[in-house]
Amino acid sequence: MGKGIISVIGGYLIMAVLVVFGFGVISLVAPADVFGSDGMQMPGTTWIIIILIMGFLAAVAGGFVTARFGKDAPFNTGSALVGLIILMGLLTAFSTGNGQPIWYQVLQTLLGAAGAWYGANFRRQA
């Protein structure tokens with residue numbers, strides 16, 4: 001059980017690192033005003049799609065890592081990561097909102113959960 005918890009935390013941390021790295025790359029490539037002067041403005045459609053894809057891919061990697069290190073029960077650890085993503089998405093959406101529309105936060109959470117599920121199942125089959 002302890003190894004499963006560590007694998008879920010590790011998968012979530014992998015996702016966080018990849019998202020932070022991805023935003024670093026986006027900030028180097030994107031025009032200076034893409035997120036507004038306060039950093040909270042919603043970017044244009046192209047950047048929203050890029051950010052959502054980046055989050056999905058980070059979740060796939062997180063799901064893969066979680067299932068890899070929770071190899072005794074990859075389905076259970078992958079499911080736990082999906083649950084954690086949904087829980088954190090709901091907490092973020094309903095506590096602060098981060099100035100983002102609710103549809104965007106729901107979509108981001110659903111894509112993250114789907115990506116983690118896909119990554120965990122991909123690992124199970126590999």
Within the set of pairs 6 or more residues apart or between chains, which connect a residue that is surrounded by 15 or more Cβ atoms within 10 Å (Cβ to Cβ) inside the range 4-30 to a residue that is assigned to a loop (DSSP other than H, G, I, E, B) and at pLDDT below 95 with Cβ atoms less than 8 Å apart? Gly4/Gly70; Gly4/Asp72; Gly4/Ala73; Ser7/Gly70; Val8/Gly70; Ile26/Val34; Ala30/Pro43
Regarding Ser95, is this residue over 15 Å from Gly10 (Cβ atoms), out of contact with any Gly (no Cβ under 9 Å at 6 or more places or on another chain) and free of Cβ contacts under 8 Å to residues at least 24 places away in the same chain? yes
Check whether at least one residue in the range 65-87 is out of contact with any helix residue (DSSP H, G or I) (no Cβ under 9 Å at 6 or more places or on another chain) and either surrounded by 20 or more Cβ atoms within 10 Å (Cβ to Cβ) or at pLDDT below 90 (or both), and report yes or no. no
Can you spot a residue in the range 45-53 that is modelled with pLDDT under 95, closer than 22 Å to Ala120 by Cα and not β-branched (Val, Ile, Thr)? yes
Hey, any hits in the range 9-28 for a residue that's of a type in the set (S, T, N, Q), in a helix (DSSP H, G or I) and at pLDDT below 85? yes
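The values are calculated or read from the model by the stated rules, or taken from the named source; none is laboratory data. What you are looking at is a predicted structure, and each value in this text was computed from that prediction instead of being measured. Note that we place each Cβ from the backbone using ideal geometry, even for glycine, and neighbour counts take in every protein chain shown.
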